[in-house]
Amino acid sequence: MPFHPYLFFGGNCREAFTRYEEIFGGDLFVMDGKDAPPGEQQIPADKAHYVLHAALQFEGHLLMGSDDPMSEKFGPVQGMMISFSTPDVAEAKRVYDALADGGTQTQPMIETFFSPAWGMVTDRFGTPWMVGADQLTNPS
């Protein structure tokens, strides 16, 4: 049974998931608060544009998220990271660079004893990522 990350945003979920679709490809589903049946979702009228649910499926992966209409303050996620690995070094570097665009590199991509290319970045939406190339299929 797989684990699937579910991310919360403060009003920019659609922007974040549109960017993730650009980076990873796949199929994106987005449902806004205004799309919920009347009486089914308690979202303030000024936040009807908030995303109730977003799901990005790509290469057997599933990343989900939504906007949190009850929180007024949103900052970077703390205490967790999304880990993405690929067998291809060039692909790991491409994904890392794309996530770093407008974000903060917390560990520049380097070769390590466990990966030929590995780094950490917090993207422009406040989501922290670890990106790496698999050691087994890409020996250095």
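Taking the helices alone, the chain has a mean residue ellipticity at 222 nm of -5500 deg cm²/dmol, built from -39,500 (n - 2.57) per DSSP H run of at least 4 residues and averaged over all its residues. Could you tell me how many degrees, from 0 to 90 and to the nearest 10, lie between the Cα long axis of helix 89-100 and the main elongation axis, the longest principal axis, of the Cα atoms of the chain? Once rounded, one gets 40 degrees. Applying the Karplus relation 6.51 cos²θ - 1.76 cosθ + 1.60 with θ = phi - 60° to the range 124-133 yields 3J(HN,Hα) values of 5, 9, x, 8, x, 10, 10, 10, x, 9 Hz, where x marks Gly and Pro.
Semi-axis lengths, largest first, of the ellipsoid equivalent to the chain are 32, 16, 11 Å, with √(5λ) applied to each eigenvalue of the Cα gyration tensor.
How far, in degrees from 0 to 90, does helix 13-24 lean away from the longest principal axis of the Cα atoms of the chain, to the nearest 10? Result, in degrees: 30. Restriction of the trypsin sites (Lys or Arg not before Pro) in the range 91-140 to DSSP coil positions whose beta-carbon has at most 16 other beta-carbons within 10 angstrom yields Arg124.
Determine the percent antiparallel among the DSSP beta bridges restricted to the range 6-67, to the nearest 5. If I count the DSSP bridges inside the range 6-67, around 75 percent turn out antiparallel. Going from the fewest other Cβ atoms within 10 Å to the most, the residues Leu28, Leu56 appear in the order Leu28, Leu56. Near the amide H of Leu7, within less than 5 Å, lie the amide hydrogens of Met64, Gly65, Ser66, all on another chain or at least 5 residues away, with H placed in the peptide plane.
Loop-resident chymotrypsin sites (Phe, Trp or Tyr not before Pro) (DSSP state other than H, G, I, E or B) in the range 66-140 with no more than 13 further Cβ atoms inside 10 Å of their Cβ: Phe113, Phe114. Only Cα sites of the range 82-133 enter the Debye sum here, all with the same form factor; the resulting log10 I(q)/I(0) across q = 0.25 1/Å is -0.84, listed in q order. Restricting attention to the range 7-95, which GluC sites (Glu not before Pro) occupy a DSSP loop and are surrounded by at most 10 other Cβ atoms within 10 Å? Answer by residue number: Glu40, Glu59, Glu72. Working note: Karplus 6.51/-1.76/1.60 with θ = phi - 60° gives the range 112-122 the couplings 10, 5, 10, 7, x, 7, 8, x, 10, 8, 9 Hz, where Gly and Pro are set to x.
Considering only beta bridges that DSSP places wholly inside the range 47-140, some 75 percent are antiparallel. Here's how it looks for Asp32: its modeled amide H is under 5 Å from those of Leu52, which are all 5 or more places away or on a different chain. Amide H contacts under 5 Å for Asp88: Asp134, restricted to partners 5 or more places along the chain or on a different chain, H placed in the peptide plane at 1.01 Å from N.
Read the figures in this text as sums done on the coordinates, not as results from a lab. What you are looking at is a predicted structure, and each value in this text was computed from that prediction instead of being measured. Using ideal geometry, Cβ is built from the backbone for each residue, glycine included, and neighbour counts are taken over all protein chains shown.
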